[in-house]
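Only one structure is covered here, and it is reproduced in the block below.
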Amino acid sequence: MTEIAFYHLETVQLEHVLAKLLEKTLVAGKRAMVLLSTEKQVEYLNGYLWIYDAQSWLPHGSANDGSAENQPIWLSNIDENSNKAEFLFLIDGATSSLLTQYDRCFELFDGRDPNAVNAARERWKDYLAAGYGLTYWSQNKNGDWEKTGS
């Protein structure tokens, strides 16, 4: 069954954390689907991933680029596994009805936003009731990640 990891962001921007997780995804030889709530978010993130680090390159695309099957990282606001990804990244409250198509799911949310925290708590309860394996990661004062629950 799909493993789901929650990432409670408090000190580092979501885009930066996502980029680092996507780098690790590619190093592991996996493909990623990044599901966002709006097309505007998709286009912002599409641009950001090209410029976030001059020393890094994350091959990715969105519907505007086409050829999902050729993209190791696919950005979309449509809930479909267009690039046959093993890892799913849910951003800014996006949800998926296709969790079982993925080996792992990453829920990234802004811990400084009470609405985002409450929504993440509700999704945690729903996933737990459905029998998914869950882990919870939060940032300490230094911005390092600590596994604080499972």
**Request:** Go through (1) modelled with pLDDT of 95 or more; (2) small (G, A, S); (3) under 20 Å from H16 (Cα atoms) and name the single condition S56 misses.
**Result:** (1)
**Item:** Residue selected from the stretch 71-113 under the condition touching a Pro at 6+ places or on another chain (Cβ under 9 Å) and among the polar types (S, T, N, Q), by the criterion nearest to S37 (Cα to Cα)
**Value:** N83
**L49 among the aliphatic types (A, V, I, L, M) and within 21 Å of F6 (Cα to Cα)** = no
**Asked** Can you spot a residue in the stretch 65-75 that is hydroxyl-bearing (S, T, Y), in a loop (DSSP other than H, G, I, E, B) and under 21 Å from A119 (Cα atoms)?
**Response** no
**Prompt:** Does G93 meet the test of being touching a residue at least 12 places away in the same chain (Cβ under 8 Å) and open to solvent by less than 20 Å² (accessible area, probe 1.4 Å)?
**Reply:** no
**Prompt:** Picking from S37, S62, which residue would you name as being surrounded by 13 or more Cβ atoms within 10 Å (Cβ to Cβ) and in contact with a Gly (Cβ under 7 Å, 6 or more places away or on another chain)?
**Reply:** S37
**Message:** I'd like to know if the stretch 94-111 contains one or more residues that are among the charged types (D, E, K, R), in a strand (DSSP E or B), modelled with pLDDT of 95 or more and closer than 21 Å to W145 by Cα.
**Reply:** yes
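The values are calculated or read from the model by the stated rules, or taken from the named source; none is laboratory data. Since the model is a prediction, treat every value here as computed from it, not as a measurement. When we count neighbours, we look across all protein chains shown, and the Cβ atoms used for this are built from the backbone with ideal geometry, even at glycine. With ligands, DNA and RNA removed, areas are computed over all heavy atoms of the protein, side chains included. Shrake-Rupley method; radii C 1.70, N 1.55, O 1.52, S 1.80 Å.
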